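For reference, the structure discussed in these notes is given below.
The values are calculated or read from the model by the stated rules, or taken from the named source; none is laboratory data. Given the structure is predicted, the values throughout are model-derived calculations rather than measurements. Using ideal geometry, Cβ is built from the backbone for each residue, glycine included, and neighbour counts are taken over all protein chains shown. To get the accessible areas, we keep the full protein, side chains included, count just its heavy atoms, and leave off ligands, DNA and RNA. Shrake-Rupley method; radii C 1.70, N 1.55, O 1.52, S 1.80 Å.
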Amino acid sequence: MVKNLRVKTSKFIDETYKISFKFNGTTYYGYKGDTLASALLANDIHLVGRSFKYHRPRGIMTAGSEEPNAIVQLHNNTSRTEPNVRATEVEIYEGLEASSQNCWPSVNFDIGGINNFLSPVLPAGFYYKTFMWPASFWEKYEYFIRKSAGLGKSPTKPDPDIYEHKYIHCDVLVVGAGISGIMAAKTAAKNGFKTLLVDEKSYLGGSTIYQNSELFKINNQVSSSWLEKEINEIKKFANLEIRTRTSVAAFHGYNFLLARENLTDHLPLDQRNNKTRQRLLKIRAKKVITATGSLERPLIFDNNDRPGILLSSAIEKYANFFGVACGQKNILFTNNDSAYETAISLFQKGIHIEAIIDNREDIDSKLIKETEKNNIKIYKGYTIINTTGYKRINKIIIMQLSKDGQKVVGSKKSITCDCLGVAGGWTPAVHLFTQSGGKLKFRDEDQVFIPNKYPSDQISIGSCNGDFTLNEILSSIPEILKDFLNIKKTDYDNLEVQSSFNKSKRNIWLLPSDKIIGKTKPFVDYQNDATAKDIKLALREGFRSIEHVKRYTTTGMGTDQGKLGNMHALGIISETAGSKMGELGTTTFRPPYTPLTFGTIVGRNVGEYFDIFRRTPIHDWHIKNNAEFENVGQWKRAWYYPKNGENMHEAVQRESKAARDSAGILDASTLGKIDIQGTDASEFLNRVYTNAWSKLSIGKCRYGLMLNEDGMVYDDGVTTRLDENHYIMTTTTGGAATVLGKLEDYLQTEWPELDVYLTSVTDHYATISVCGPNSKKIVSTVIPDLDFSDESFPHMSFKNAKIDKIKCRVMRISFTGEHSYEINVQANYGKSVWEKCIEVGKEFNITPYGTETMHLLRAEKGFIIVGQDTDATMTPIDLQMDWIVSKKKYDFIGKRSLYRSDTIKEDRKQLVGLLTENPDEVLEEGAQIVADVKKTPVEMLGHVTSSYYSPNLKKSIALGVIRGGKNMLGQKLIIPMENKQINVTVADPVFLDKENKRLNA
Amino acid sequence: MFIINCPYCGEREQSEFKAGGEAHIIRPKQPTELSDDQWAEYLFMRKNIKGIQFERWVHTHGCRKWFNVVRDTSNDDIKAIYKMGEKPPII
Ligand SMILES: [Zn+2]
């Protein structure tokens, strides 16, 4: 029978609504309003997980998103499983199943726990050091480390949930709905600002909302009652939007924030279907008010990580908000007044407090007096030096602190307990502020970093701004808001506040022990098992930069980003290194503040919506005719059309042969098309292509090569002169957008005097290419009114024509070396014209071919593909395309670079053909080419860029780039493969029809 | 992600724009008369300043116009925006 630690009824918990859930396979009960953590604690369960390195038993430490220890896996082995979830943030629902992670085989018996006893050999930097040991060591460690470590399991099944993104624009964004945030939101809304208030919790009011003490009053009302009325009021504003369960993940420049809104995670699984699970809010706010509160600090002493040790403020929340006692024999350990708030809350709820250990000696405040009235024993000027209890704390050992706080004196005393609350003071939650680029300053009195310089129109208020007491918060906020919102008055200008909190604090980063540090385990980062000893070791090994120490010891590198212990790490470093805290700076807090699911990040962009698919107007025909597709940029291009169970090779061989023997047809609609008009169009082309364009007559086409200013080939394609001042340029499929961008750039910034207009018309035209010896017969039947004689319509020329009533542009151009026509029609006629060509071509066995056959056919002719046979290091000279570089033109883009000392070197990589000794052997694209395999190191001369088996030549052909290849014609070279060497001969890259007879066949 | 005030369209998200490197690098009118070193100066040498930088931007997913931006690269604070061909402000 498990113990029930539910104490007095809380109004935040609905005890009429019982919920069953499973933890590590056992069924437990909680109530609506519980978190997994509060429900476990009510069942007296503290041990929830194991630590990352030493596999030490760990329990629930906090009551919020800063939780380092109690991270669990939800719904293991299902499609909705999620690792690394903080038990303190999971609202329980019927059917919830959670399990411990980071332990194997179970949380109660964990093999990795042996690391705890091996810890002398697992010091700081252990993982880094294993990587530096010989690789063979790693093989042995890997299994052990992988199996026993690991932070949860990622899902293996598709995520069934829906996610979405939403943009929000507002005048004022208030982050955090504690007392400060509520005051700010109300003030902003009342003054007409379009306001958005977000909070990561399911309720409003922060920690004040469960503050029931008579010792804290506002306008003579208990603070929680006063705040409740304020909350009721803000709900009435039409211009105030409130989003709960919404955690701001990132605060970027220009007040751009990302937040995750949880919509269904608190619902029973059967109520989640067809609902959006999480929403990523992209918020652009004119003004941001950060009211993210503060996080309580733990205290650093030997064995400060046992289950049953919690933050004092968490114990208070579990009692006040959830009505749960974390233990029956509680001890509080503090260096400031806040533990006494907890003590009084517990006392009110009838929860027993064994003792309070306060490291301050001379203390006196209303709170302490009140506590003493209740007969609670207070040890003043003492510190805890150790704790015992493996899976749950059962004893603390205390000693008196010396006057300077550097060592312990007197005799040891032990006190039994089952729960220890630690209160080390407060750290402002400045994470979002620093993410936005804000600069912090260090406040010496209470050793905190607070916002100093704001990089945008934003302000931090309340305890995230270092105002911790109710007095400070309520007196500072009205003035800050008036100034920030530029208003005359607020509702809070004359509040009467009664607060019993005394600000005295005795901050000791690492509490002294009776043992030497090497014999102790004072944890600074609970999740990553970094101790004060590790930090000191890192400093001894010479690390000084805070960022280096962090990486070496892994302090602050867990999923919690060390929200609890980072300040102590800084403190210990500065003390050890003898530097001042303010000068060290802090580590960088990076987004997200708490982990985001991948689902939230991708939103609706999943599956076929992950990226845009562009389809040609003929796409449906390709599908109907069994095409396999290839992605080219965003385009889906027909790759090949397998028939009767052909594989790719067989299909491509058939298609290639048919195109040269009779007729082939290709959907070339994806080629980029840019319409160029203006009185300076010819001059413009002269400047952007390497060859001359002024003398191209109307109705003629010309191949052009475009370079970058550095002389390297950038794009190519055929451009046609449609009229005196009108051209249509084609670009490669992948280069269309960047070529247009580049041309616009030159026009607008270098040559604004040119009268030229550019329009992208890629999507406006369908392009059908018909090639082969019978192409003329087919196209002339499709377009009967046009004169197809060589005299009237020679190679590299263009005609306007009509197919019935459909206007089309016909170019006689060829990328295959065959007699060939390209028909361009308005896109929506594309499919019908294509089908007409197929119909007419039937008697000539017209064969649709895809990109693979196109690549093969052009390789037979030695035509390059920019991006395949070139990278950004090939000049036209390297490509043996000197013929296309005008010697006469004064200038064009990239001209000057063609005779830089580097580009004229003879031993640059140059494009050549390659023939294998064995004509059936097809080379691998990307394979390295060498001359001498015995030379060490082997000298790489170049690599294969294109390689095919040519059915027309009945042999293997390849293109490649080889250093100095131009002068190596006929030379024998070697292509070393994994298990063989292939002998090749350098050849002319034009393998077929060097005389271009087929163009006019 | 910052906001850029396109001189032709007004304020838009940064994601609509593309950066185009340092501004006011003028393409030589007579490249063929330049030495390798002079050409390399134009071709390769770019400043990479932490602080105030004059740079080119284009409104790719908008009006597609190029213009100049004066930006503090340390915090993305935009000091000035002006059209191509206009004189750079003194900052
Ligand atoms: Zn614009």
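Tabulated data for the structure shown
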item: Pair-distance profile P(r), taking every C-alpha pair of the range A:667-845, with 10 angstrom steps and integer %; result: 9, 38, 34, 15, 4, 0
item: Computed accessible area, A:D723, all protein chains, 1.4 angstrom probe, square angstrom; result: 80
item: Residue-span extension gain [A:E630 to A:N979] - 0.36 nm each, minus C-alpha spacing; result: 122.6 nm
item: Added length on full extension, which subtracts the Cα-Cα distance from 0.36 nm per residue, A:A737 to A:D785; result: 13.7 nm
item: Förster radius 30 Å - calculated FRET efficiency between A:S154 and B:Q14, Cβ distance, rounded to 0.05; result: 0.40
item: Heavy-atom accessible area order for B:Y82, A:Y949, A:Y757, A:Y29, largest first, 1.4 Å probe; result: A:Y757, A:Y29, A:Y949, B:Y82
item: Under 18 Å from A:K861, Cα to Cα: aspartates and glutamates that are on another chain or at least 8 residues apart; result: A:E655, A:D661, A:D716, A:E818, A:E852, A:D869, A:D878, A:D882, A:E925, A:D988, A:D993, A:E995
item: Where labels lie 7 Å past Cα in the beta-carbon direction, separation of A:S579 and A:T27 in nm; result: 5.8
item: Of A:K403/A:K505; A:K190/A:K235; A:K887/A:K909; A:K909/A:K972, those spanning more than 20 Å from alpha-carbon to alpha-carbon; result: A:K887/A:K909
item: Charge-dipole axis of the range A:659-736 as Lys and Arg at +1 and Asp and Glu at -1 on Cβ define it, positive-most pick from A:T732, A:S697, A:N708; result: A:S697
item: Extension gain, A:E445 back to A:S832 (0.36 nm per residue minus Cα-Cα distance, nm); result: 131.1 nm
item: Rg to Rh, two decimals, where the protein assembly as shown supplies the alpha carbon set and Rh follows Kirkwood; result: 1.07
item: DSSP-loop GluC sites (Glu not before Pro) across the range A:629-728, with at most 12 other Cβ within 10 angstrom; result: A:E724
item: Charge sum, other residues only, whose C-beta stays under 15 Å from A:N452's C-beta, Lys/Arg counted +1 and Asp/Glu -1; result: +1
item: Part-to-part distance (alpha-carbon centres) for the range A:744-809 and the range A:396-446, which is given in Å; result: 79
item: Accessible area (Å², 1.4 Å probe, nearest 10) - A:T873; result: 80
item: Degrees separating the helix A:736-745 axis from the principal Cα axis of chain A, which is the longest one; result: 90
item: Estimated distance in nm for a label pair at A:H352 and B:H24, the labels positioned 7 Å out from Cα along Cα-to-Cβ; result: 7.9
item: Long-range lysine pairs (8 or more apart or interchain), chain B, Cα under 22 Å; result: 17
item: Lysines with Cα under 20 Å of A:K636, excluding same-chain neighbours fewer than 8 positions away; result: A:K624, A:K673, A:K831
item: Point-to-point label distance, A:E995-A:S414, nm (Cα→Cβ direction, 7 Å offset); result: 10.5
item: Chymotrypsin sites (Phe, Trp or Tyr not before Pro) restricted to the range A:605-707 and DSSP loop, no more than 16 other C-beta within 10 Å; result: A:F610, A:F613
item: Cα-based shape type of the range A:579-704, given that a ≥ b ≥ c are square roots of the gyration tensor eigenvalues and the cut on a/c is 1.5; result: oblate
item: Those aspartates and glutamates that a straight Cα-Cα span of less than 16 Å connects to A:K799, excepting residues fewer than 8 apart in one chain; result: A:D723, A:E724, A:D785, A:D787, A:D790, A:E791, A:E822
item: Residue-count net charge about A:D787 - beta-carbon cut-off 15 Å; Lys, Arg +1, Asp, Glu -1; result: +2
item: Top of B:W39, B:W57, B:W66 by mean-square fluctuation, Gaussian network on chain B, Cα under 10 Å; result: B:W39
item: Calculated P(r) of the range A:182-266 - Cα pairs past 15 Å, %; result: 65
item: In Å², nearest 10: area of A:S832 left accessible to a 1.4 Å probe; result: 60
item: Average other protein chain Cβ within 10 Å of Cβ, residues B:76-85; result: 2
item: Distance violations [Cα-Cα > 24 Å] among A:K695/A:K777; A:K11/A:K395; A:K536/A:K580; A:K194/A:K439; result: A:K695/A:K777; A:K11/A:K395; A:K194/A:K439
item: Average beta carbon contacts from partner chains per residue of A:740-752, 10 Å cutoff; result: 4
item: MRE, 222 nm, helices only [DSSP H, n ≥ 4, -39500 (n - 2.57), over the protein assembly as shown, to nearest 500]; result: -6000 deg cm²/dmol
